[in-house]
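Following: one structure in structure tokens, then a few remarks.
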Amino acid sequence: MNIIGLYNYWIVVVLMLIGFYIVIAHENLIKKLVGLTIFQTSVFFLYISMGKVAGATAPILDENYQIYSNPLPHVLILTAIVVGIATTALGLALVVRIYEAYGSIEENDIQVQDTHDRLECQLEAYGRQKPPTLFDQETN
Amino acid sequence: MTAHFPILQVIIPLFAAPLCLFLRIPRLVGVFAIFVSAAAFLISYGLLQEVITHGTISYKLGGWPAPWGIEYRIDTLNSFLLLLVSGVSTVVLLASLSSISRELPQNRHTYFYTAYLLCLTGLLGILATADAFNVFVFLEISSLSSYTIIAIGTDRRALAASYQYLIMGTIGATFILIGVGLMYMMTGTLNMYDLAERLPAVYKSKTVLSAFGFFIVGVCLKLALFPLHLWLPNAYAYAPSITTAFLAATSTKVAVYVLIRYIFSVFGIEFVDMSLPLGDIFLILGLVGIFVASISATFQLNIKRLFAYSSVAQIGYIILGLAIETQLGITATLLHLFNHALMKAALFLAIGAVFYRIGSAQLNHYAGLGKKMPLTMAAIVAGGLSLIGVPLTVGFVSKWYLVVALLDKGWWPVAVLVLLSSLIAVIYVWRVVEWVYFTPPRIITEEVKEAPLSQLIPIWMLVLANIYFGVDTRLTVGVSKLAAQSLFGVNL
């Protein structure tokens, strides 16, 4: 029926899943942020297309038009876009500092270094190398 | 003046945060932040009194009536939590002056207080507002600033932890945004009480159901419910001590508030029962969370990580109270929210005081501290006893109400499991005690002395509050019961 008619929602869902997949599947911290941004952008589309009223025009008062689109979702999403930019900026700033501290932005390298640190701490505490337990792995 | 209390609460820290940047002198900024937080505390105390005597306060921002403008609505539930958040924040800030100067480079102090006050703004805003979209905005204000205050320290692991929290937190917040969007789509309103009136007409719609699903998952990410808790242990363990004390006591609690508010005041408990077996899901995740996180805690060497896992377990108890879906259950949930905030703030501040003296949070470095820092260690033990739920502490009060609520519902096997899980808490608290009191000193030298008064006073204020509210439960139990009644009153 109106599978084509709802194409805006299809775009939202596809973009959302692409973004989500990148966040989960990629090791590189920058690529994760790219995925996160795509994920957030899909929600912006959801809101913006929600405000569309069939046959309506932009919400600027004019005597030639009677029906206007709903401006509220657009205003809301302006706020969300600002939030999204702040999140990306903060994320990138963190990645810069992670690179300075670890010398890598690959998640795996960082985990290896952290695990190494933790094992050294355990060695110091218990005097012997304790094999990582089930619960140590669970947090990695 | 008093008429504007609901908004002043949020506005004062919001405006104070950029002012910190102008003050520049670190000590001055710290004292300023204490005054700001204390002002918020006094206002929330005034609000609680007002709400108890005169009932719910509704405040219209800019004078615009509710469905068009943003409404702030203060009832028993959120005034109770406003008091908790601003109170804990003030006490934690008292200890921050010395702790921060030890843990952060001089040039970051001003930024720390700025981000801290923004975080406080966000948390108070979430509690005060009655607008669904406003919740999202304040949630992001508090989240972004908490990523900052976690990563601001010198430990590099905090950076990775903060990044992980940022990714998971943003996914959670975006889910909440989707939920709010879908609700708006169906009802055309964003005001919570307007939503509650218009949602029943579209209960059967799949859009509302998916709105609910997105919303619950998003909030559960924020409150670190068991399988979604992965960001929490590292973020708490490697952040500066003051950050940990503040966030552990407040941020997950505020997320639980959002969950309660939406389940009871927006969607309504009948819709929840009809659409999702949420009680069963919460029951299972809560119980599994309690056991897995408690057992994980017993394996931790870093004491902050140990108590961070214990926090995940306590979230399990809080969610268990929700799963019961009775007035008694909600009372237990609210009590545990309040009580757990007191315990964890005291514990993490005490750990911060130890860090101030020995520069480490490793349990093996605590060996022999029992003699060197007796008052701080006594505070840790008192906090630990409260976590276990020993009588005369707040932990006992909330576990008691939880078990009573479970028995009242007839779920005695769950009650038995709750009591068993307390025994695991005994194990991890005992591990701390063993290192502190019964192991010969390792790195502790003669110079190590008791924590400075500026930290001891806030720590013991919280410990005494732990004991006081464990004996005199009139305020906490009374207000929790009132709040639970009003939650059910709206929908029955």
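The values are calculated or read from the model by the stated rules, or taken from the named source; none is laboratory data. Keep in mind that this is a model prediction, so the values were computed, not measured. Quick reminder, even Gly has a Cβ in these numbers, built from the backbone with ideal geometry, and neighbours come from all protein chains shown.
Identify, by number, the condition in (1) more than 14 Å from chain A (Cβ to nearest Cβ); (2) more than 17 Å from residue B:237 (Cβ to Cβ); (3) surrounded by fewer than 24 Cβ atoms within 10 Å (Cβ to Cβ); (4) touching a residue at least 12 places away in the same chain (Cβ under 8 Å) that residue B:390 doesn't meet.
The single condition residue B:390 does not satisfy is (4).
Evaluate the following for residue B:457: is it assigned to a loop (DSSP other than H, G, I, E, B), under 30 Å from residue B:358 (Cβ atoms) and among the β-branched types (Val, Ile, Thr)?
no
Which one is nearest to the other protein chains (Cβ to nearest Cβ) among residues in region B:100-153 that are over 27 Å from residue A:98 (Cβ atoms) and of a type in the set (Phe, Trp, Tyr)?
B:133
Is it the case that region B:354-370 has a residue that's within 23 Å of the chain's Cα centre (by Cα) and either within 14 Å of chain A (Cβ to nearest Cβ) or at pLDDT below 90 (or both)?
Within region B:354-370, one or more residues are within 23 Å of the chain's Cα centre (by Cα) and either within 14 Å of chain A (Cβ to nearest Cβ) or at pLDDT below 90 (or both).
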